[in-house]
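Shown next, in structure tokens, is the structure this report addresses.
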Amino acid sequence: QVQLVESGGGLVQPGGSLRLSCTASRSIFSFTSTGWYRQAPGKQRELVASLTPGGLTNYPYSVKGRFTISRDNAKTTLYLQMNSLKPEDTAVYYCHTWAPYDSWGQGTQVTVSS
């Protein structure tokens with residue numbers, strides 16, 4: 001399997017920006033679809049961004065235009081750039097790879113508050 005480690009979470013003011021990183025134990029992001037999920041207290045985990053090996057991205061309306069998913073040239077790190085953050089974005093964020101790895105990171109807390 002592949003190990004995923006997230007970083008970059010923290011406390012940020014409304015309207016601010018944050019970039020999350022997800023580093024894989026080996027170069028796999030060119031060979032499988034990847035994405036970012038989030039889970040707020042009392043709510044279901046939801047997909048907020050996805051990226052195919054060919055570079056196709058997808059976002060739900062709630063974050064479209066504010067969040068951007070990308071990967072580095074070495075294909076070892078996945079990023080989520082978050083701009084114009086709102087209190088509703090507060091959640092634990094997880095990176096994920098689909099088949100054949102089906103791996104999850106440990107999660108990183110993002111809190112948007114003044």
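What the table shows:
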read-out	value
Under 15 Å, Cβ to Cβ, from Arg45 - net charge with Lys/Arg +1 and Asp/Glu -1	-2
Inter-part distance where region 1-58 and region 75-104 are each reduced to a Cα centre, Å	1
Whole-percent carbon and sulfur share, accessible surface of the chain, 1.4 Å	49
Dipole magnitude of the chain, debye to nearest 20 (Cβ charges: Lys/Arg +1, Asp/Glu -1, about Cα centre)	120
Volume in Å³ per residue [convex hull over Cα atoms, computed for region 19-83]	95
Accessible area expressed per residue, the chain, with surrounding protein chains retained (probe 1.4 Å, Å²)	52
For q = 0.14 Å⁻¹, Debye-computed log10 I/I(0) when each Cα of region 45-89 counts as one equal scatterer	-0.35
Listed residue (Gly107, Val2, Val48) projecting farthest to the positive dipole end of the chain, Cβ model	Val48
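The values are calculated or read from the model by the stated rules, or taken from the named source; none is laboratory data. Since the model is a prediction, treat every value here as computed from it, not as a measurement. Every residue, glycine among them, receives a Cβ derived from its backbone with ideal geometry; neighbour counts consider all protein chains shown. Only protein heavy atoms, including side chains, enter the accessible area calculation; ligands, DNA and RNA are left aside. Shrake-Rupley method; radii C 1.70, N 1.55, O 1.52, S 1.80 Å.
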